[in-house]
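Here the structure is laid out as structure tokens; the discussion comes afterwards.
The values are calculated or read from the model by the stated rules, or taken from the named source; none is laboratory data. Bear in mind that the values here come from a model prediction, so they are computed numbers and not experimental data. Backbone-built Cβ (ideal geometry, glycine too); neighbour counts: all protein chains shown. Note: accessible area is taken over every heavy atom of the protein model, side chains too, but ligands, DNA and RNA are not part of it. Shrake-Rupley method; radii C 1.70, N 1.55, O 1.52, S 1.80 Å.
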Amino acid sequence: MRSVRFATATLAAAALSLPLVAGVATADPAAGRHPAPHSHAKFDRLREAAPDGFYVGTAVAGGGHHLEQDYPDPFTSDKKYRKILARQFSSVSPENQMKWEFLHPERDRYDFAAADAIVEFAERHDQVVRGHTLLWHSQNPQWLEQGDFSDEELRAILREHITTVVGRYAGRIQQWDVANEIFDDQGRLRTQDNIWIRELGPGIVADAFRWAHEADPKAKLFFNDYGVESVNAKSGAYYALTQDLLQQGVPVHGFSVQAHLSTRYGFPGDLETNLKRFDALGLETAVTELDVRMDLPAGGVPTAAQQKQQADYYQRALSACLAVEDCNSFTIWGFTDKYSWVPVFFEGEGSATVMTHDFRRKPAFHALRHTLKAAARNH
């Protein structure tokens, strides 16, 4: 599919040279069919626009910062949210519900209720699931971070967690973020703030992949990180580590870029080049957590120019993925500003997703849909 996808990326880039906001009004449903505002008819969905075998996903809001907000759990309480989640996307990623602090709150107790509900929802709606995440330095429970464990005990805890969690969902999760954010921005291993690497050494990363593969031989196992969209020190560290692990026969199957972008900074123009070098190693690649935040004007409503720039970033990220032969999974980190993590963590920034608080579609949504449809036609 490499040549087809390259042509698709070129066509999509050319389309974006036209006024995008005007282009939104000329969406291209099948002849004689015109979508109503906010339509979720089959021909007007992202998942239906995508080429065969290409998964378009979103994070499933819940846990994390949502617990501190003045609304109930989005996934379980918001029917409109769930309806759009089911209709628009072919892949889902638990935003927080599979992280250690939610899934394993006590040493001898797991809480699978929220994660089970997401997996069952996905199965009902013919969606795949990305598991997130097994080894990370953040959002770990206090019993783990503050426990007085020997190296042997800590190693056994990690192996038992991975075996239990991955094994529970064996055959039901397409991809796992096995090791998440293990390097800092300078490309150095997190030997201080990552409990696993600090206490057990770098070799524990390879063990995590081995244990996950033993628990579910069919799942694709990924490295995942932010700030690795470009060819830089951090992505280079992953490239070198991956080469080493592959030579050892460690079951590493993929490399994914989170792509939390901001219009404060230029788009990572070498994203495609970066993904292709991992593709050349025989890995699958993915975009896993895309959003594009911006500095909001007074009143909180982005300008048309800001929305156009945001749509350009979304479209270019998608085109970069489509141009890489085995980049088959493209996930946005939430689809509505109503539940976005961005305003909570980035003061003054927001409007980072493809829909407004009341689920109105932004130019970014249409840019994604048009690009997917172009890829499907060429495919």
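Here are a few things to note about the model shown:
- Residue in the stretch 156-164 that is of a type outside the set (D, E, K, R), assigned to a helix (DSSP H, G or I), under 13 Å from GLY131 (Cα atoms) and touching a strand residue (DSSP E or B) at 6+ places or on another chain (Cβ under 9 Å) present: yes
- The sole residue among GLY187, GLY167 that is assigned to a helix (DSSP H, G or I), free of Cβ contacts under 8 Å to residues at least 60 places away in the same chain, more than 14 Å from ILE204 (Cβ to Cβ) and of a type in the set (Gly, Ala, Ser) is GLY167.
- Any pair with Cβ under 7 angstrom, 6 or more apart, that starts in the stretch 80-99 at a residue that is under 19 Å from GLU48 (Cα atoms) and ends at one that is among the charged types (D, E, K, R) and open to solvent by 10 Å² or more (accessible area, probe 1.4 Å): ARG87/ARG45; GLN88/ARG45; GLN88/ARG47; PHE89/ARG47; SER90/ARG47
- Residues located in the stretch 71-115, provided they are loosely packed, with under 13 Cβ neighbours inside 10 Å and either at pLDDT below 95 or aliphatic (A, V, I, L, M) (or both): ALA113
- Pairs meeting the criteria (first residue in the stretch 357-379 and over 16 Å from TYR81 (Cβ atoms), second residue of a type in the set (Phe, Trp, Tyr), beta carbons under 7 Å, at least 6 apart or on different chains) are ALA364/TYR314; ALA367/TYR314; LEU368/TYR314.
- Every pair of residues 6+ apart whose Cβ atoms lie under 9 Å, when the first sits in the stretch 315-328 and is touching a residue at least 60 places away in the same chain (Cβ under 8 Å) and under 13 Å from ARG277 (Cα atoms) while the second is outside any helix (DSSP H, G or I) and basic (Lys, Arg): none
- Here THR242 fits the description: at pLDDT 95 or above, crowded, with 19+ Cβ neighbours inside 10 Å and not in a loop (DSSP other than H, G, I, E, B).
- Scanning the stretch 34-54 for residues that are open to solvent by 70 Å² or more (accessible area, probe 1.4 Å) and modelled with pLDDT of 95 or more turns up GLU48, ASP52.
- Test for GLY266: is it surrounded by fewer than 24 Cβ atoms within 10 Å (Cβ to Cβ), modelled with pLDDT under 95 and either assigned to a helix (DSSP H, G or I) or out of contact with any Pro (no Cβ under 7 Å at 6 or more places or on another chain) (or both): no
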